[in-house]
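Each remark here refers to the structure printed beneath this line.
The values are calculated or read from the model by the stated rules, or taken from the named source; none is laboratory data. Because the structure is a prediction, the values reported are computed rather than measured. Cβ placement follows ideal geometry from the backbone for every residue including glycine, while neighbour counts extend to all protein chains displayed. Accessible surface areas use protein heavy atoms only, side chains included; no ligands, DNA or RNA. Shrake-Rupley method; radii C 1.70, N 1.55, O 1.52, S 1.80 Å.
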Amino acid sequence: MSIKDKVIVITGGSSGMGAATAKLANERGAKVVIGSRNQAKLDAVQQSVTHPENFATLLTDVTKFADVQALVQLALDQFGKLDVMYNNAGIMPKADIADPEKLDVWQGLLETNVMGVLNGIAAAVPTMRNQGHGLVMATDSVAGHKIAPGFGVYGGTKFAVKGIMEGLRQEEHANGIQTGIVSPGFVNTNLMNTLNDKEAQAQIMEANNSTKNGWLSPENIAELTVFMMSQPENVDINEIIVRPTGQDF
């Protein structure tokens, strides 16, 4: 098993789990292209990697198919192939179901968490079919397995990701395309900054304080994502669920 010389595209790659995965993959010999909506953060990751000659960035909004296409094309232009497409970008605002004042929040969740994944799939799969191999990944969540009050819409988008990725597996396995999702519990990332409810944010942070040894780190998740990326073409790890020790749901 090795990630060396694999070409990996990561959305939401400028912070949190995406940045940690990008840095670790690059350190272990992969050629990595990351996209996000924050140029300053993209630049900071670029400056921190072990092998900058094997690293590229592009300002990318995953809700726009053309942006994701351009990100994949950058990988092809610069490194000649596409081994892994990791659809990692996501947001987590709180939005009660049936609250008409949350229409814009629901729309944002759907566009980023669901359409962002679909855009990544559509941008990557044609190249992978032509190659006869490739791995499409997505960041799901424990919330894609268990719904919590106030987070039904967010959880619904993560259930959707799980269903989409299983559908992709069934449709594309005969073309040599592997699929995998990583479903983390509590991870200490800036995803919490997308939570638009301060009271809920405080409650979740209190849960961190009561969880044995605290939350997972982005680096914990990066080890698992790179493990999935490192598998040979005949091994298809479809899902990893990971929680901090002591998380009670």
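Once the 1.4 Å probe is applied to the protein heavy atoms, the chain comes out at 44 Å² accessible per residue.
Hydrodynamic estimate: the Kirkwood radius of region 79-191 over Cα pairs, inserted into Stokes-Einstein at 25 °C and 0.890 mPa s, corresponds to D of 166 µm²/s.
Starting from 0.36 nm per residue, how many nanometres of slack lie between Glu233 and Thr245 once their C-alpha separation is accounted for? Numbers along the way, then the final one.
On the way: separation 12, 0.36 × 12 = 4.32 nm, distance 3.15 nm.
Length difference between fully extended and current span is 1.2 nm.
Have a look at Glu166, Glu101, Glu239 and tell me which one the Gaussian network model of the chain (Cα, springs below 10 Å) gives the largest fluctuation. Highest fluctuation of the listed residues: Glu101.
Roughly what % of Cα-Cα distances in region 1-60 sit above 15 Å, to the whole percent?
Numbers: 630 of 1770 pairs.
Cα-Cα pairs of region 1-60 separated by over 15 Å account for 36 percent.
Distance between the pseudo-spin-label points of Asp5 and Gln46 (7 Å out from Cα toward the beta carbon): 2.7 nm. Of all the options Asn113, Asn220, Asn26, the one that moves most in a Gaussian network model of the chain with Cα springs shorter than 10 angstrom is Asn220.
All Cα-Cα separations within region 44-83 were binned at 10 Å from zero, giving a P(r) of 29, 47, 24, 0, each value a whole percent of the pairs. Couplings 3J(HN,Hα) of region 49-60, computed from phi: 7, 6, 10, x, 5, 10, 9, 8, 9, 8, 4, 9 Hz, in residue order, whole Hz [Karplus 6.51 cos²θ - 1.76 cosθ + 1.60, θ = phi - 60°; x for Gly and Pro].
For a paramagnetic label modelled at 7 Å from the Cα of Leu110 toward its Cβ, which residues of region 30-64 fall within the zone defined by backbone nitrogen distances under 16 Å? Only 63-64 fall inside the zone, counting backbone N under 16 Å. Using only DSSP helix segments of four residues or longer, with each worth -39500 (n - 2.57), what per-residue ellipticity at 222 nm results for the chain after dividing by its residue count and rounding to 500? Here the helix-only value at 222 nm equals -13500 deg cm²/dmol. Using only Cα atoms, locate the centre of region 16-77 and the centre of region 212-249, then give the distance between them in Å, rounded to an integer. Their Cα centres are 20 Å away from one another.
Using the Cβ-Cβ distance between Glu101 and Glu219 with R0 set to 35 Å, the FRET efficiency works out to roughly 0.40. Mean-square fluctuations from a GNM of the chain, with a 10 angstrom spring cutoff on Cα atoms, peak among Asn234, Asn38, Asn119 at Asn234.
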